[in-house]
Amino acid sequence: MRAFPARVLSVAALALAAAMPASAGEFSVTPIRAELKPGALSETITVTNHAATPLRVSIRLMEWTQDQAGNDVYKESGDLVYFPRQMDVPPEGKRLVRVGAKSPAGVVERSYRLFIEEEPDTSSPGAGQVAFYFRFGVPIFLPPVTPRATPDVDPPVLADGTLKVQVRNAGNQHFKINKVTVSDGAGYGQDVVGWYMLPGARRTYVASIPGDVCRKARTLAVGIQGDGIQIDRTLNVDPASCR
């Protein structure tokens with residue numbers, strides 16, 4: 001059998017929606033998101049090592065924006081003050097990362113991610129082994145002076161058995177879509193995983209409707225669910241639009 005060299009796989013834990021510390025491998029990060037508001041322009045993030053061996057992590061700040069398709073775009077940034085940039089966490093121990101804003105946001109919210117990444121242990125390399133290392137991207141938001149999250153949902157469209165619904169953020173502050181639900185009212189339903197919507201961003205959620213379900217349905221109910229958001233739309237089904 002051919003022996004493969006050791007590799008490192010970095011997994012970005014981006015879906016940080018649960019109200020609990022984010023964890024992977026044997027370390028965790030809390031809180032899972034931060035807001036730097038006027039009067040509280042700093043935050044402390046705790047990295048906890050649950051393993052019996054030392055942990056080394058590096059920390060890097062990235063500006064977080066979204067393109068016209070709603071995809072996340074990251075760019076190195078020096079807008080925030082944070083330290084340390086690298087640290088060792090003892091077994092069963094904790095270390096703190098401090099992050100602060102140089103100035104508050106203005107009219108539109110500013111968004112960042114603080115990536116906390118596990119570094120490889122080079123002390124005992126193993127030939128033929130595959131090593132997994134993890135990183136968390138902690139969302140950090142600088143809210144605007146007058147926050148206004150404004151979700152805008154287009155009417156759903158069905159073509160060739162594929163349902164599409166576009167969501168836009170017409171406001172100046174982010175909101176989060178937890179899921180988009182599609183159901184026919186007769187027992188069929190599916191969920192599409194949601195994501196953050198930054199100011200000005202738009203994203204199209206797509207659901208494939210099985211042919212037999214589509215042809216029998218007269219209507220499809222589409223629900224957009226998020227933090228403090230519930231928007232419902234109804235689509236009249238034309239059988240010619242089914243697969």
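Data table
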{"quantity": "Some residue of segment 79-87 being of a type outside the set (Val, Ile, Thr), at pLDDT 95 or above and in a loop (DSSP other than H, G, I, E, B)", "calculated": "yes"}
{"quantity": "Odd one out for residue 102, checked against (1) touching a residue at least 24 places away in the same chain (Cβ under 8 Å); (2) closer than 18 Å to residue 34 by Cβ", "calculated": "(1)"}
{"quantity": "Any hit, segment 29-47, residues being surrounded by 15 or more Cβ atoms within 10 Å (Cβ to Cβ), at pLDDT below 55 and farther than 30 Å from residue 204 by Cβ", "calculated": "no"}
{"quantity": "Single residue of segment 49-70 satisfying the filter (in a loop (DSSP other than H, G, I, E, B) and closer than 30 Å to residue 168 by Cβ) that is modelled with the highest pLDDT", "calculated": "67"}
{"quantity": "Number of positions in segment 69-116 that are of a type in the set (A, V, I, L, M, F, W, C), touching a Lys or Arg at 6+ places or on another chain (Cβ under 7 Å) and under 17 Å from residue 47 (Cα atoms)", "calculated": "5"}
{"quantity": "Unique residue being at pLDDT below 95, within 27 Å of the chain's Cα centre (by Cα) and more than 21 Å from residue 72 (Cβ to Cβ) when the list is 185, 228", "calculated": "228"}
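The values are calculated or read from the model by the stated rules, or taken from the named source; none is laboratory data. Just so it is clear, the model here is predicted, and its values are computed rather than measured. Neighbour counts are summed over all protein chains in view; Cβ atoms, including those assigned to glycine, are modelled from backbone coordinates with ideal geometry.
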